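These notes are about the structure you will find just below.
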Ligand code: SAM
Ligand code: SF4
Ligand code: FES
């Protein structure tokens, strides 16, 4: 017990832990609150009290991949498919900008309808609104990533899902771990703010591999890390699996904050699906970003990665005021700028200390 507290203190003071030390903390369950409080202090010290809201646009649920855990997988015949036209996506962003969003996250399945030309059109038009644009549309070539960047994209999200290669390749048939890593490297080379992350609670995932995930995030110099529990979906081959636990996911997230002190960490929607105060608990355990859904109408329901997804019957304006209320209740403020990774703040603190 004493040892775990010392390890948490070490992480808070040095932002460094060995794999074995991370495993010890993950295996312990008696000092969770101390871990969350330490991550919260590091978040406050390096990122401040602002919570950045990113407006999430889920623009197509059509996907050519077959990830075992995901309800959008190509082989799932039980989901009604949709795709929004480029001008509809731009229109959603326009409305989002009116609600006050300064960043949009454009996310979809791997849908080949959206050619490079179409993506460039969407990105460049949204960029005219003086906002940051994040893309999350899966594995593409270097040239494609380059074209999106030149059209104005600022950030890209692509989770490694797990650093356990064998598990990855079992979970993501016909996808290679090498290519996933190549994507992350290319994005970094191209000057994107790079977001990655993992699923917690995949079948046969070990605590050791979760520790490796955290060290991997540090090694690749990630700018954002999203961590969420795996939630089994009835319409997938993993429907009878146990799924991830809320507190284990939160611990992986808190440790990520302790080791990567100045990155952006979202309180993920999947966290709230498992605990109805999940995003607020995450914001008090190291997270500093929330990604409210600004997709409209039935599309919110049809982007069905997993069951129990929150906000499917709500409107973008309701979510905006709902989450703003929750954030202010815990004494935090809504970020007023685009919420890039805060290197300047880090430098100022370094000079002061
Ligand atoms: N298609 C792109 C990709 O895979 O990178 C972006 C969209 S994909 C739906 C976004 C994330 O959803 C994935 O990286 C995965 O971690 C998460 N996800 C998919 N199925 C899930 C499930 N059953 N439970 C929790 N998260 C899930
Ligand atoms: Fe497609 Fe992404 Fe779902 Fe995999 S996780 S099936 S790539 S939407
Ligand atoms: Fe959507 Fe609260 S954030 S209802």
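Can you tell me which residue among 140, 80 is more than 27 Å from residue 267 (Cα to Cα), in contact with a helix residue (DSSP H, G or I) (Cβ under 8 Å, 6 or more places away or on another chain) and not in a helix (DSSP H, G or I)?
The match here is 80.
Counting just the residues of region 100-127 that are more than 14 Å from ligand 1 (Cβ to nearest atom), under 22 Å from the mean Cα position of the chain (by Cα) and surrounded by fewer than 20 Cβ atoms within 10 Å (Cβ to Cβ), which one comes out nearest to residue 292 (Cα to Cα)?
It comes out as 100.
Going through region 305-323 one residue at a time, which ones are away from ligand 2 (no atom under 16 Å from the Cβ) and free of Cβ contacts under 8 Å to residues at least 60 places away in the same chain?
310, 311, 312, 313, 314, 315, 318, 319, 321, 322
I'd like the residue in region 115-144 that is within 16 Å of ligand 2 (Cβ to nearest atom) and in contact with a strand residue (DSSP E or B) (Cβ under 7 Å, 6 or more places away or on another chain) and, out of all such residues, is farthest from residue 53 (Cα to Cα).
Ranking the qualifying residues of region 115-144, first place goes to 137.
Looking only at region 88-100, decide whether some residue is within 16 Å of ligand 2 (Cβ to nearest atom), under 30 Å from residue 325 (Cβ atoms) and outside any helix (DSSP H, G or I).
no
Identify the single condition in (1) crowded, with 22+ Cβ neighbours inside 10 Å; (2) on the phi > 0 side of the Ramachandran plot that residue 138 does not satisfy, given that it satisfies every other one.
For residue 138, the exception is condition (1).
Give all pairs with beta carbons closer than 7 Å in which a residue from region 34-58 that is without any contact (Cβ under 8 Å) to a residue 40 or more places away in the chain meets a residue that is surrounded by fewer than 22 Cβ atoms within 10 Å (Cβ to Cβ) and assigned to a strand (DSSP E or B); count only pairs at least 6 apart in sequence or on separate chains.
Once the first residue is without any contact (Cβ under 8 Å) to a residue 40 or more places away in the chain and sits in region 34-58, no partner that is surrounded by fewer than 22 Cβ atoms within 10 Å (Cβ to Cβ) and assigned to a strand (DSSP E or B) comes close enough.
If we only count helices (runs of 4 or more DSSP H) wholly inside region 262-322, which ones have 3 or more residues that are surrounded by fewer than 20 Cβ atoms within 10 Å (Cβ to Cβ), touching a strand residue (DSSP E or B) at 6+ places or on another chain (Cβ under 8 Å) and modelled with pLDDT of 95 or more?
none
Please count how many residues of region 158-183 are under 14 Å from residue 216 (Cα atoms), part of a helix (DSSP H, G or I) and within 15 Å of ligand 2 (Cβ to nearest atom).
Summing the residues that are under 14 Å from residue 216 (Cα atoms), part of a helix (DSSP H, G or I) and within 15 Å of ligand 2 (Cβ to nearest atom) in region 158-183 gives 2.
Look through 246, 230, 217 and report the one residue that is over 22 Å from residue 110 (Cβ atoms) and within 15 Å of the chain's Cα centre (by Cα).
After ruling out the rest, the residue left standing is 217.
The values are calculated or read from the model by the stated rules, or taken from the named source; none is laboratory data. Small disclaimer: the values here were computed from a predicted structure and weren't measured. Reconstructed Cβ throughout: ideal geometry from the backbone, glycine too, with neighbour counts over all protein chains shown.
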